[in-house]
Amino acid sequence: MATIGVLALQGAVREHARVLASLGAEVRLVKRPGDLEGLGGIVLPGGESTTIGMLLEEYELAPVLRAGEIPIFGTCAGMILMADEIEGSDQPRLGVMRVTVRRNAFGRQRESFEEAIDGAPVTGDPLRGVFIRAPYVTDVGPDVEILGRVDGKIVLCRQGRFLAASFHPELTDDRRLHRYFLEEIVQRAAHLA
Ligand code: GLN
């Protein structure tokens, strides 16, 4: 099983590490460019996207991730960092996906909620997402697969080796989305390499 990094500059790091380890991955916390060597994939956790984006540049992690070799799974703030367009903001980002995101998009009435995701690529019960001041995607480029919606809004999407979720799958007991990343993206990317 591959070694999976969890970006550990700020945000919900430990929860992701725990889920990945429980699925059999070797987990490495990533803080420096050298930590990216040999990774099969990396998770960008939720947190504050402006802070994480600045730190990605400051710690010189951004250029390597931007090069696009390493599969990335971004959740919440992580999704924002993967987008090439952030509505009304010029904050630093990786911009590896052809998507436009809106930050804090569900508004004040829905600052924090849990909801079933329509259309998620899992079998059995619907995937449930925990949303915390969550973004959603307002526009996608041609290569982007839409994998999940809530209230008709795009909350889960994929472009090749990049997977982005508006919500926090690491905060539920449901490990199916992490498993999807490991099996459908990381393992396939390893076969193609
Ligand atoms: N609202 C945060 C941002 O815009 C994201 C929130 C989260 O990651 N839970 O960066």
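Laboratory data are not the source of any read-out in this text; all were calculated from the coordinates shown. Since this is a predicted model, take the numbers as computed values, not measurements. Note that we place each Cβ from the backbone using ideal geometry, even for glycine, and neighbour counts take in every protein chain shown.
Plugging the Kirkwood radius over Cα pairs into Stokes-Einstein for segment 34-132, at a temperature of 20 °C and a viscosity of 1.002 mPa s, what D comes out in µm²/s? Could you put the intermediate results ahead of the total?
Details: Rh = 14.8 Å.
This corresponds to a translational diffusion coefficient of 145 µm²/s.
Per-residue counts of other Cβ atoms within 10 Å, averaged by peptide: what ranking do you get for 29-42, 164-177, 96-109, 73-86, highest first? Don't skip to the end; give the middle numbers.
Working: 29-42: 15.8, 164-177: 22.3, 96-109: 17.9, 73-86: 26.3.
With the highest mean Cβ count within 10 Å placed first, the list reads 73-86, 164-177, 96-109, 29-42.
Highest mean first, how do 19-28, 152-161 rank when packing is the count of other Cβ atoms within 10 Å averaged over residues?
On the way: 19-28: 17.4, 152-161: 20.3.
Per-residue mean Cβ counts within 10 Å order the peptides as 152-161, 19-28.
How would you rank 118, 90, 143, going from fewest to most other Cβ atoms within 10 Å of each one's own Cβ? Please report the intermediate quantities before stating the final value.
Numbers: 118 16, 90 6, 143 11.
Going from sparsest to densest Cβ surroundings: 90, 143, 118.
Please report, in cubic angstrom per residue, the volume enclosed by the convex hull of the alpha-carbon atoms of the chain. Provide the component values of the computation, followed by the final result.
On the way: hull volume 20.5 nm³, N = 193.
In the chain, the Cα hull volume divided by residue count equals 106 Å³.
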